[in-house]
Amino acid sequence: MADDKASLPECRGDLNCELSRFTFAFDHLRNETMVLDITATPARAAGPLAAVRTEDINAGRFVLRTLRRSDAGLIGHYTADKRLAEATQSIPHPLPPVAAEAFVARATSAEAIGLHWVMDGTETGLPEVLGILSLKPMEGQRAKGGQSEVAYWVAPMFWNTGFASEAVRALIEANPLRDQTYFAEVFQDNPGLARVLTNAGFQYLGDAESFSVARGARVPTWTYTLKLSGGR
């Protein structure tokens, strides 16, 4: 595997080249993860948010859909990247074995707090997993809505493609929990994630700090908020 990887070209931001690298890597990854259930049937949750989880959201070049057990392989492949892990609060680095499988199991369980969608580009010829978008109610009343926290990541090979912006804008338009307010928090050393929010209409709220598991330290953050129309 190391020799094959070493022979891959440097893409230097070329999306077509990156997709070729992705196809090569995925073929190897699929061979290494046959222990996973790779059926196309989504894992459905039975909790109070189950009806919302089953609804796809059209985001233009991709759809936001519920997670499947078969997503764990690519999620694990992407989140093992140190650059991605350090851009999030909760993804550890190095990534523990079966961490992606555990994430999918939690996200699709009846006890899941919040909603999680995969950015799936198969309908437009893009990979099946481009990133993850999450929405977590802040009141602890999972079915009521009101105020929710938005979080997202896109695989490093798809950075600077606009996917994160399209996902956030589609979520705002759909407002699946009929929330009144969204909040989001990004690390201050990642201004690109902040631009995703401000371009979608989020307003700066203040500075704070949050712990990054991958970095093993508290990191300065910017907090943003968005007032929504059509909320409860």
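Read the figures in this text as sums done on the coordinates, not as results from a lab. Owing to the predicted nature of the structure, the values given are computational and were not obtained by experimental measurement. Please note: Cβ atoms are built from the backbone with ideal geometry, for glycine as well, and neighbour counts cover all protein chains shown.
Using the Cβ-Cβ distance between Asp81 and Gln203 with R0 set to 41 Å, the FRET efficiency works out to roughly 0.85.
Extension gain, Asn160 to Ala99, is 19.3 nm, computed as 0.36 nm per intervening residue step minus the present C-alpha separation. The stretch 181-225 and the stretch 67-96 have their alpha-carbon centroids 19 Å apart.
Pairs of Cα atoms nearer than 8 Å and 6+ residues apart set the relative contact order; for the stretch 39-227 it is 21 percent.
Placing a label point 7 Å from the Cα of Asp189 along the Cα-to-Cβ direction, the residues of the stretch 75-92 with a backbone N closer than 18 Å are 81-92.
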